[in-house]
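Working notes, structure below.
Every number in this text was worked out from the coordinates using simple rules, so none of it is lab data. Because the structure is predicted, anything quoted here is derived from the model rather than measured. Cβ atoms come from the backbone with ideal geometry, glycine included; neighbour counts cover every protein chain shown.
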Amino acid sequence: MDRREFSKKLIVAGMGIGAGAATAGATTVASPSESYYEEPARRLPVRQFDVVIAGGGTAGVVAAIAAARQGAKTALIEVKGYPGGTVTEGGTALHSFYNLWKAFPGCKRRQVVRGIPQEIIDRLLAVGGTSGHAEMSKGFAYDSVCTAIDTELYKLVVFEMLVESGVFVCVNTLLAGAVKDGSRLHGVIAESRSGREAFYGKAFVDCTAYGDLAAYAGADFTEPNDYAVVNSIGVGNVSMEKLHDYLVKHDALTQRAEGIRDGEDGQIVRLQGSWARLPKEFSEEARKIGLSLVTTTVHDNYWMFIKLNFKMPVSPTNRDEVAKAELELRKRQYRAIQLFREFVPGCARAFIARTSPKLCIRRGRVIRCDYDVTHEDVIEGRHFSDDVMAYGFHDSAPRLQIKDGGTYGIPYRALRVAGVENLLAAGMMITSDHRAHMSTRNTVSCMGQGQASGTAAAMCAARKCGTRDLRYSDLRKSLIAAGVYFEG
Ligand SMILES: Cc1cc2nc3c(=O)[nH]c(=O)nc-3n(C[C@H](O)[C@H](O)[C@H](O)COP(=O)(O)OP(=O)(O)OC[C@H]3O[C@@H](n4cnc5c(N)ncnc54)[C@H](O)[C@@H]3O)c2cc1C
């Protein structure tokens with residue numbers, strides 16, 4: 001669906017600024033009966049900020065901390081009861097703070113993502129909430145390190161960091177619309193049990209993963225529906241060692257990393273297996289439910305992430321199809337536990353200890369930005385005159401890898417939402433090419449984009465300028481001062 005189709009579906013609620021020049025929050029649900037209710041205009045209380053970050057997930061947390069540390073009065077709007085996002089719900093571990101040095105003998109080992117993302121890991125380490133940067137001892141053509149996290153401690157640690165940085169954290173708050181005048185965004189509409197409010201700001205960052213703010217602001221987007229959706233589970237009463245031995249017995253172990261588990265170093269924290277070598281009665285059933293044979297943990301007797309995949313027929317912005325997928329995924333989770341109990345030693349009493357509150361997406365909308373990172377940019381290891389970070393991991397490795405185990409750059413222009421003066425985008429919503437997206441969408445890349453976009457938004461707000469008027473050399477200086485690493 002493009003901007004025009006989206007706009008056709010909007011029922012504009014009549015919110016306005018000044019002489020009524022604004023568009024506002026609306027519903028995308030077409031009436032099945034073709035009858036409509038005209039919502040009356042309402043007066044909303046206005047809150048004033050320098051920077052408003054929409055979505056407190058992987059990128060949004062870092063964006064908000066970065067903006068507040070620049071001195072900007074910053075609000076973060078998050079619909080769930082905690083910040084953290086997909087990094088705490090979707091996948092397995094954080095890929096990857098490093099370049100892929102292990103797969104490229106002779107290539108220099110270097111940490112390419114630092115700054116606030118690394119601070120989060122330091123804070124997690126202090127409370128026993130991460131494996132640390134655990135080196136792969138097997139299967140390192142795919143990644144050199146695995147950084148596993150305790151999903152619940154991650155939520156706590158980043159929540160504390162946000163508050164310490166002075167961010168006005170609005171959890172349980174839905175971003176429900178945009179207040180725009182021409183190409184300039186004036187505010188967003190937020191909906192919570194405290195009522196409907198307008199959050200005005202000077203600069204904005206969309207970190208909602210779905211690109212909700214950019215869509216409300218009238219930006220162009222597409223919805224490729226090119227990934228499966230997932231609801232991952234944590235599984236209790238299990239053993240990493242027994243899973244490891246089971247995979248080894250069937251010659252099916254493809255990946256392993258050792259790191260800190262319940263305070264003890266050198267423990268297995270990541271395993272991956274290949275279905276092709278496991279007994280057919282298990283693998284055929286597992287494939288039917290989209291069960292991934294990869295997990296990480298930072299605790300004994302616990303698998304932090306087991307993924308159940310489901311390919312929806314349409315984009316995950318469709319509420320009614322999402323409802324079907326949510327039910328299907330919960331059935332798959334239960335079936336997965338049955339299979340583990342039946343086939344994997346040490347799982348006789350396995351149970352679902354955690355589910356994600358809603359299904360996770362690998363992408364929803366792709367928001368059109370001033371630049372679209374290409375497949376060639378990624379695999380050729382290109383850097384740009386306006387790089388805001390370096391990144392060195394590809395989720396399609398070893399089939400697709402960054403040249404010579406190096407890095408590529410994400411340029412500032414790739415974060416500027418086309419057609420809107422003061423809106424940046426960060427996270428899974430950038431990069432249209434599926435192959436390039438298999439790199440840029442990864443957690444640590446999203447976090448780096450968050451630091452860059454939050455910093456830029458704060459600087460724009462302080463200088464009262466649009467995102468295109470910010471001097472790149474000043475942005476780079478601020479990022480370097482905050483510990484961001486550059487190459488190229
Ligand atoms: C199943 C799965 C497995 C993955 N595995 C890995 C992996 O192993 N390693 C890796 O590095 N990457 C992995 N990824 C990719 C990575 O986790 C994501 O791409 C990344 O976390 C996305 O970050 P984000 O900030 O764009 O979105 P999110 O982290 O999802 O943040 C978006 C936030 O916005 C909030 N939000 C959305 N809409 C609104 C609204 N209207 N109002 C208010 N709040 C809103 C959401 O609640 C959420 O907190 C995986 C992804 C998935 C789905």
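Of the trypsin sites (Lys or Arg not before Pro) in the stretch 381-424, the ones in a loop by DSSP (not H, G, I, E or B) with at most 16 other beta carbons within 10 Å are 399. Selection among 111, 182, 222 by position relative to the dipole of the chain gives 182 as farthest towards the positive end (Cβ unit charges, Cα centre). Applied to the stretch 49-55, the Karplus parametrisation 6.51 cos²θ - 1.76 cosθ + 1.60 on θ = phi - 60° returns per-residue 3J(HN,Hα) values of 9, 7, 10, 10, 9, 9, x Hz, with x for Gly and Pro.
In a reduced charge model with +1 at each Lys and Arg Cβ and -1 at each Asp and Glu Cβ, the chain shows a dipole moment near 240 debye about its Cα centre.
Within the shell of other residues whose beta carbon sits under 10 angstrom from the beta carbon of residue 60, the net charge comes to -2, with Lys and Arg scored +1 and Asp and Glu -1. Is the shape of the stretch 108-211 rounded, prolate or oblate, going by the alpha carbon gyration tensor and its root eigenvalues a ≥ b ≥ c, with a/c under 1.5 for rounded and a/b larger than b/c for prolate? In terms of gyration-tensor shape, prolate.
Most simply put, the chain has about 75% antiparallel DSSP beta bridges, counting only bridges with both residues inside it. Round to the nearest 10 and give me the degree value, 0 to 90, for the angle of helix 319-343's Cα axis relative to the longest principal axis of the chain. Approximately 20 degrees, to the nearest ten. Computed about the Cα centre, the dipole magnitude for the stretch 303-401 is approximately 960 debye when only Lys and Arg (+1) and Asp and Glu (-1) carry charge, each at its Cβ. Relative contact order of the stretch 217-305: 33 percent, from C-alpha pairs under 8 Å at least 6 residues apart in sequence.
Using only Cα atoms, find the angle between the long axis of helix 240-249 and the longest principal axis of the chain, and express it within 0 to 90 degrees, rounded to the nearest 10. Between helix and principal axis, roughly 60 degrees. Couplings for the stretch 212-228, taken from phi via the Karplus curve 6.51 cos²θ - 1.76 cosθ + 1.60 with θ = phi - 60°, read 4, 5, 4, 5, 4, 7, x, 6, 6, 8, 10, 10, x, 6, 10, 9, 6 Hz in order; Gly and Pro are left as x. Pairs over the 28 Å Cα-Cα cut-off, from the set 249/311; 80/403; 138/280; 202/358; 242/307; 311/403: 249/311; 80/403; 202/358; 311/403. The phi torsions of the stretch 79-84, fed into the Karplus equation with coefficients 6.51, -1.76 and 1.60 and a -60° offset, translate into couplings of 6, 7, x, 7, x, x Hz, rounded to whole numbers, with Gly and Pro shown as x. Here's how it looks for residue 388: its modeled amide H is under 5 Å from those of 410, 412, which are all 5 or more places away or on a different chain.
Output the relative contact order of the stretch 266-319, whole-number percent, from Cα pairs under 8 angstrom with separation of 6+ residues. Relative contact order here is 31 percent. Taking a temperature of 20 °C and a viscosity of 1.002 mPa s, what whole-number D in µm²/s does Stokes-Einstein yield for the stretch 163-306 with Rh from Kirkwood over alpha carbon pairs? Estimated diffusion coefficient is 110 µm²/s. Projected onto their three principal axes, the Cα atoms of the stretch 393-488 cover extents of 45, 29, 18 Å, largest first. The residues packed around residue 88, meaning those with a beta-carbon under 13 Å from its beta-carbon, carry a net charge of 0 if Lys and Arg are +1 and Asp and Glu are -1. Round to the nearest 10 and give me the degree value, 0 to 90, for the angle of helix 443-463's Cα axis relative to the longest principal axis of the chain. Helix 443-463 sits roughly 20 degrees off the main axis of the chain. The relative contact order of the chain, computed from alpha carbon pairs under 8 Å that lie at least 6 residues apart in sequence, is 21 percent. Normalised by 2.2 N^0.38 Å, where N counts its residues, the alpha-carbon radius of gyration of the chain equals 0.96.
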